[in-house]
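K.L.:
Following this message is one structure expressed as structure tokens.
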Amino acid sequence: MTGAVLTGYAALFDVVDGGGDMIRPGAFARVLRNQAHRSLPMLWQHDPSRPIGRWTAVCEDHLGLRVTGHLTPGVQRSEEAARLIASGALSGLSIGFKAVRAQTGKAARRVLTEIDLWEVSLVTFPQIPGARVQLVAPPEATTQKSAQVPVARLTGRLGTYRSRRSL
């Protein structure tokens, strides 16, 4: 049984986040290569005691770290999350990580060039304003067919955040 399908950008490259960090392209390459056959935990608000699903596809593209995953059916918080996302009340994504390699930047406090990624959470307030998620398919649709990921809708919302980036 598969839960609702979500997709979005958990991190954007070359954007200074609310904590002063900026992630460079390739920063996730090592961890993605080493964890290629494992799914990544999906948490509620970075709380390790509240897992709500799994990210089953995680990759870097030209914009950032793109994720697709499934909420776990039968978990109350997962079902609430699907309803909140569908209504537009919740749309933030945020990564839990440890910086492996970083440099001091001009516009950013730290320029992250290698990251050990632990989890991706659904959050109310993401550190990167453009790190957003959307519901691709509700639980009932995922049992009938696989969901197609609407990249154009995701990337269209990123324009304002990309134009404000600074290296």
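K.L.:
For the range 14-67, which residues satisfy the criterion of being more than 16 Å from the chain's Cα centre (by Cα) and of a type in the set (Ser, Thr, Tyr)?
P.N.:
SER49
K.L.:
Could I ask something else about it? Scan the range 83-112 for residues that are in a loop (DSSP other than H, G, I, E, B) and either aliphatic (A, V, I, L, M) or over 13 Å from the mean Cα position of the chain (by Cα) (or both) and jot them down.
P.N.:
Matches in the range 83-112: GLY88, ALA89, LEU90, THR104, GLY105, LYS106, ALA107, ALA108, ARG109.
K.L.:
Can you pull out the residues in the range 52-70 that are more than 13 Å from VAL136 (Cβ to Cβ), aliphatic (A, V, I, L, M) and surrounded by fewer than 24 Cβ atoms within 10 Å (Cβ to Cβ)?
P.N.:
VAL58, LEU63
K.L.:
Taking the condition of being in contact with a helix residue (DSSP H, G or I) (Cβ under 7 Å, 6 or more places away or on another chain) and under 17 Å from TRP55 (Cα atoms), how many residues in the range 90-114 meet it?
P.N.:
Counting residues in the range 90-114 that are in contact with a helix residue (DSSP H, G or I) (Cβ under 7 Å, 6 or more places away or on another chain) and under 17 Å from TRP55 (Cα atoms) gives 1.
K.L.:
Moving to a separate point now. Could you tell me which of the residues ALA10, ALA4 is among the small types (Gly, Ala, Ser), in contact with a strand residue (DSSP E or B) (Cβ under 9 Å, 6 or more places away or on another chain), crowded, with 24+ Cβ neighbours inside 10 Å and at pLDDT below 95?
P.N.:
Testing whether each residue is among the small types (Gly, Ala, Ser), in contact with a strand residue (DSSP E or B) (Cβ under 9 Å, 6 or more places away or on another chain), crowded, with 24+ Cβ neighbours inside 10 Å and at pLDDT below 95 leaves just ALA4.
K.L.:
Give the range 13-22 a look and list any residue that's buried (at least 19 other Cβ atoms within 10 Å of the Cβ) and part of a loop (DSSP other than H, G, I, E, B), or say none.
P.N.:
Correct list: VAL15, ASP17.
K.L.:
When both residues are 6+ apart or on different chains and their Cβ atoms are under 9 Å apart, which pairs have a first residue that lies in the range 57-71 and is under 12 Å from ALA27 (Cα atoms), and a second that is among the acidic types (Asp, Glu) and at pLDDT 95 or above?
P.N.:
Taking only residues 6 or more apart or on different chains, the pairs are GLY64/ASP14.
K.L.:
Output the residues belonging to the range 61-75 that are of a type in the set (Val, Ile, Thr) and farther than 22 Å from ILE128 by Cα.
P.N.:
Correct list: THR72, VAL75.
K.L.:
Let me ask you something else. Could you list, in sequence order, all residues of the range 30-56 that are in contact (Cβ under 8 Å) with a residue 60 or more places away in the chain and touching a helix residue (DSSP H, G or I) at 6+ places or on another chain (Cβ under 9 Å)?
P.N.:
Scanning the range 30-56 gives MET42, TRP44, ILE52.
K.L.:
Which residue pairs have Cβ atoms closer than 6 Å, lie 6 or more positions apart in sequence or on different chains, and pair a first residue in the range 16-29 that is closer than 11 Å to VAL111 by Cα with a second residue that is surrounded by fewer than 21 Cβ atoms within 10 Å (Cβ to Cβ) and of a type in the set (Ser, Thr, Tyr)?
P.N.:
ARG24/THR113; ALA27/THR113
K.L.:
Something else about it: Looking at the range 23-47 only, could you name the residues that are in contact with an Asp or Glu (Cβ under 6 Å, 6 or more places away or on another chain), in a strand (DSSP E or B) and buried (at least 19 other Cβ atoms within 10 Å of the Cβ)?
P.N.:
Once the filter is applied, which keeps residues that are in contact with an Asp or Glu (Cβ under 6 Å, 6 or more places away or on another chain), in a strand (DSSP E or B) and buried (at least 19 other Cβ atoms within 10 Å of the Cβ), the range 23-47 yields only LEU43.
The values are calculated or read from the model by the stated rules, or taken from the named source; none is laboratory data. These numbers come from a predicted model, not from an experiment. Quick reminder, even Gly has a Cβ in these numbers, built from the backbone with ideal geometry, and neighbours come from all protein chains shown.
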